[in-house]
2 protein chains.
Amino acid sequence: MSSVFDSQTAVTSLDDHGHTYAATLDAGWMVGGGLNGGYLLAVIGNALKASLPGKPDPLSVSAYYLSASTEGPAEVDVRVLREGGSVATAAADLRQGDDTRITVLATYGDLDRQADDVRTTAEPFDLPPVEQCVPNTMAPESLRKVAPLMGRFEMLFHPAHVGWTVGEPNNSGELSAWFRLEDGRDPDPIELLLVVDALPPVMFTYGQLGWAPTLELTVHVRAKPAPGWLRVRHATRNIAGGMFEEDCEVWDAAGRLVAQSRQLARVPR
Amino acid sequence: MSSVFDSQTAVTSLDDHGHTYAATLDAGWMVGGGLNGGYLLAVIGNALKASLPGKPDPLSVSAYYLSASTEGPAEVDVRVLREGGSVATAAADLRQGDDTRITVLATYGDLDRQADDVRTTAEPFDLPPVEQCVPNTMAPESLRKVAPLMGRFEMLFHPAHVGWTVGEPNNSGELSAWFRLEDGRDPDPIELLLVVDALPPVMFTYGQLGWAPTLELTVHVRAKPAPGWLRVRHATRNIAGGMFEEDCEVWDAAGRLVAQSRQLARVPR
């Protein structure tokens, strides 16, 4: 079965050196007026993967968002900065015409070759069983129209975290949900680049429902996720100076902490 | 009074465009066989500051460490990627000869112009008064010889976090200390780039006292620090696959959370 996520994040090499890639940004990943930042990161992640043979997996990706991307053609330029050894580091720019949309630094490696020690002391956060959570399909038609992104995956929210959807924000700074792609694709490291920026901004729990533009997002992919549902948690502890940090954790169905990210974003006006 | 930190992180413009800078990396910031990563980040931070008029303060800096720096001359190349509006984004490379040591993306702005809301929900961590903490000057002469860095600042450790110094690690993954520069300089945003990578690696609390090379470090500077002591906390929750994340918080003397960082590093062998 072909995956919508795979086909809509695919890149095609444009040169012999294999360091410039074409992509077609799909309107199905729009939210509000713009394309989802995690979707764009997965597109860039695929270009980096294609440029770094033997290093298929993102270990760390840092993205700075410069201007809003639009649906349609885009190019990703990759510059390999360091190869050799077990990891490689590269820079990548997502461009549309003369405008750079996102600039990225990333280190890739092979997660199958990493040491097999797991001494994680973090505990998975509390999330009721799937059937007790609130599905994104319950969102009103008016919202789903401006956020076609919501049709790309199933998100089942912690029932205590969605008061904001009915005008009763809990001011917790915490938002968690079960997550899987609507096309049934099993999660992998590239998908995790999407997942860490797929939930609504955590400022929604304060009733601030506007756009929260990301300045910077860094994600560490720490293991290949097991097949099945992912559980995702966003949290903020430092809303100040018109900005907030949003930490994200992704745990897989086997109970492993597979990705951690933090972004710095502007508080919605 | 001239500051050792200021003079040893200073950069000099090498061209008319002001985007290539010379620096002299000082051996006083060595620890083990290499120069401290936070010191190098402050050098790069000064080059970025010089390249971005009207945006004097780092808001977010992401550094990828490619090869070990050595004392002596270095150059910092800055490429401005986006200016205009309240923030500017640039890339910077620290080079020695043909080798790139560190590659950086950063967004700068003016912390004096940020909104004055502070809705931080994070609580400052527990740290006993300065006079009850364990000063780094108590380190044995043999250690201070291989870590001249320790002479550059005062660190006063939480007494419950330093069992590793006497062969009794507490396996907590947490290390906190009071911090100030030995030259009495009051903290500022550039100094915070040093502070988030100045403490020993948090793996020391597990008795793993070797070098923990950083792959990636991102720091968000959230406010100008008030004069006086800083309190710094390192913590890890996900030691796995031969790597660990190290989160750092820096609180100022006025009780504000002024910087947050996370790095991905290799577990010492």
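A short reminder: the numbers here are calculations on the coordinates, not readings from a lab. Just so we're clear, the structure is a prediction, and the values are computed from it rather than from any experiment. Every residue, glycine as well, gets a Cβ built from its backbone with ideal geometry; the counts of neighbours run over all protein chains shown.
As a rough guide to protection, the peptides B:7-14, A:10-17 ranked by mean Cβ packing within 10 Å, highest first, stand as B:7-14, A:10-17.
Label positions at A:Ser172 and A:Asp16, each projected 7 Å from the Cα along the C-beta direction, are separated by 5.8 nm. Taking amide H as placed 1.01 Å from N in the peptide plane, B:Leu25 has its amide H under 5 Å from the amide H of B:Gly72, B:Ala74, each at least 5 places away in sequence or on another chain. Please state, rounded to one decimal and in Å, the Kirkwood hydrodynamic radius that region B:8-138 gives when every pair of distinct Cα atoms enters the mean of 1/r. One decimal place: 16.5 Å for the Kirkwood radius. Could you give me D for region B:1-83, from Stokes-Einstein at 10 °C and 1.306 mPa s, where the hydrodynamic radius is the Kirkwood radius over C-alpha pairs? Units µm² s⁻¹, please. For these conditions, the coefficient is 117 µm²/s. From largest to smallest, the equivalent ellipsoid semi-axes obtained for chain B from the alpha-carbon gyration tensor read 28, 22, 18 Å. Taking Cα atoms only, the orientation of helix B:37-51 departs from the longest principal axis of chain B by about 20 degrees. For A:Thr120, the residues whose amide H sits under 5 Å from its own are B:Ile239, ignoring neighbours fewer than 5 places away on the same chain, with H placed 1.01 Å from N.
In chain A, helices alone account for a calculated mean residue ellipticity at 222 nm of -3500 deg cm²/dmol, with every DSSP H run of four or more residues adding -39,500 (n - 2.57). Normalised by residue number, the volume inside the convex hull of the Cα atoms of the protein assembly as shown is 152 Å³ per residue. Relative to its residue count, region B:153-269 spans a Cα convex hull of 98 Å³ per residue.
From the alpha carbon centroid of region A:113-192 to that of region A:1-53 is 22 Å. Computed over region B:105-213, the range of Cα coordinates on each principal axis works out to 47, 32, 30 Å, biggest value leading. How high is the FRET efficiency from B:Leu143 to B:Ala122, r the C-beta distance, R0 56 Å, rounded to 0.05? According to the calculation, E is roughly 0.95. Computed over the Cα atoms of region A:169-224, the ratio of the radius of gyration to the Kirkwood radius (Rg/Rh) comes to 1.01.
Per-residue 3J(HN,Hα) values for region B:19-26, derived from phi via the Karplus relation 6.51 cos²θ - 1.76 cosθ + 1.60 with θ = phi - 60°, read 10, 10, 10, 9, 9, 10, 6, 9 Hz in sequence order (x marks Gly and Pro).
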